[in-house]
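Written below as structure tokens is the structure these notes are about.
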Amino acid sequence: MPMSAGDIERFIKEALPDADVVINDLRGDGDHYSAFVKSAAFSGKSRVQQHQMVYAALQGRMGNELHALALQTAVPEDA
Amino acid sequence: MDDQTRSKISSEVNSGDVVLFMKGTPVFPQCGFSAAVVQVLNHLNVPFKGVNVLDDMAIREGIKEYSSWPTIPQLYVKGEFVGGCDIIREMFETGELTEMLSTHGIDVQIQA
């Protein structure tokens, strides 16, 4: 069952409550999204670690229900 | 993942300076994300070894556990996981990829 943009945002915010999350549906098929996630929890982490934190928030759906998530992460300036 | 798969993956990861676990082959990538990373490496004239995960389901699933990264492609430099398509593209755009390759002693010649 494909995921909705709302599902993705909810999962990410459950794991990263302070996160700013912007989701774009790239193809309208529930399978190809882009996401921009900004959170203080990323501070001091490598890009790989930041992306792994987002994938962990999706609890195993990445690469399964969710085929493609073009991901960009950032740390707030004041973090 | 069983030990046999883990050792197969480990030997592939360490079988070259730059190893790309991908869907398809460098000449015939079978996924847009894999093709994007091939394009970046070709643009930088970096020789690399392509491992077609579609040839071996155990590697296709095992590599995700090996690096705790859920998707393909996955790029390894000198045995170290660097990232998937998004990260490689971002690193390429910021110049970090060229810098990282050079510090690992891998020659980069940007195609004109």
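The values are calculated or read from the model by the stated rules, or taken from the named source; none is laboratory data. Predicted model only: the values in this text are computed from it and were never measured. For neighbour counting, all protein chains shown are included, and Cβ atoms are generated from backbone atoms with ideal geometry for every residue, glycine included.
Take the residues of the stretch B:90-108 that are touching a residue at least 24 places away in the same chain (Cβ under 8 Å) and of a type in the set (A, V, I, L, M): which is surrounded by the fewest Cβ atoms within 10 Å (Cβ to Cβ)?
Selected residue: B:VAL108.
Within the stretch A:12-38, track down each residue that is among the β-branched types (Val, Ile, Thr) and surrounded by 16 or more Cβ atoms within 10 Å (Cβ to Cβ). Explain how you work it out, then say what you get.
Here is the first cut: in the stretch A:12-38, the residues among the β-branched types (Val, Ile, Thr) are A:12, A:21-23, A:37.
Scanning the stretch A:12-38 gives A:ILE12, A:VAL21, A:ILE23, A:VAL37.
Just one of B:SER34, B:SER7, B:SER11 is part of a helix (DSSP H, G or I), among the small types (Gly, Ala, Ser) and under 11 Å from the mean Cα position of the chain (by Cα); which is it?
Numbers: B:SER7 fails: under 11 Å from the mean Cα position of the chain (by Cα); B:SER11 fails: under 11 Å from the mean Cα position of the chain (by Cα).
Answer to the selection: B:SER34.
Scan B:ILE72, B:ILE87 and give me the residue that is within 14 Å of chain A (Cβ to nearest Cβ), among the hydrophobic types (A, V, I, L, M, F, W, C), closer than 19 Å to B:THR25 by Cα and buried (at least 20 other Cβ atoms within 10 Å of the Cβ). It would help to see each step written out before you state the result.
Details: B:ILE87 fails: closer than 19 Å to B:THR25 by Cα.
Checking each option against the conditions leaves just B:ILE72.
So that you can scan it fast, the table gives a plain yes or no per residue for (1) modelled with pLDDT of 95 or more; (2) in contact with a strand residue (DSSP E or B) (Cβ under 8 Å, 6 or more places away or on another chain):
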position: B:LYS8; (1), (2): yes, no
position: B:ASN14; (1), (2): yes, no
position: B:VAL18; (1), (2): yes, yes
position: B:THR25; (1), (2): yes, yes
position: B:PHE28; (1), (2): yes, no
position: B:VAL53; (1), (2): yes, yes
position: B:ILE59; (1), (2): yes, yes
position: B:GLY62; (1), (2): yes, no
position: B:SER68; (1), (2): no, no
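All but one of (1) surrounded by fewer than 21 Cβ atoms within 10 Å (Cβ to Cβ); (2) in a loop (DSSP other than H, G, I, E, B); (3) within 10 Å of another protein chain (Cβ to nearest Cβ) hold for B:LYS64; which doesn't?
If we test B:LYS64 against (1) surrounded by fewer than 21 Cβ atoms within 10 Å (Cβ to Cβ); (2) in a loop (DSSP other than H, G, I, E, B); (3) within 10 Å of another protein chain (Cβ to nearest Cβ), just (2) comes out false.
Does A:ALA41 meet the test of being surrounded by 15 or more Cβ atoms within 10 Å (Cβ to Cβ) and either assigned to a strand (DSSP E or B) or in contact with a Gly (Cβ under 9 Å, 6 or more places away or on another chain) (or both)?
Details: surrounded by 15 or more Cβ atoms within 10 Å (Cβ to Cβ): yes; either assigned to a strand (DSSP E or B) or in contact with a Gly (Cβ under 9 Å, 6 or more places away or on another chain) (or both): no.
No: the conditions fail for A:ALA41.
Of all residues in the stretch A:48-65 being at the interface with another protein chain (Cβ under 9 Å from one of its Cβ atoms), touching a strand residue (DSSP E or B) at 6+ places or on another chain (Cβ under 8 Å) and not in a loop (DSSP other than H, G, I, E, B), which is nearest to A:ARG27 (Cα to Cα)?
A:MET62
For B:VAL40, state whether it is over 24 Å from A:GLN49 (Cα atoms) and either touching a residue at least 24 places away in the same chain (Cβ under 8 Å) or touching a helix residue (DSSP H, G or I) at 6+ places or on another chain (Cβ under 9 Å) (or both). Step through it out loud before you land on a result.
Values: over 24 Å from A:GLN49 (Cα atoms): no; either touching a residue at least 24 places away in the same chain (Cβ under 8 Å) or touching a helix residue (DSSP H, G or I) at 6+ places or on another chain (Cβ under 9 Å) (or both): yes.
Taking the combined requirement at face value, the residue does not satisfy it.
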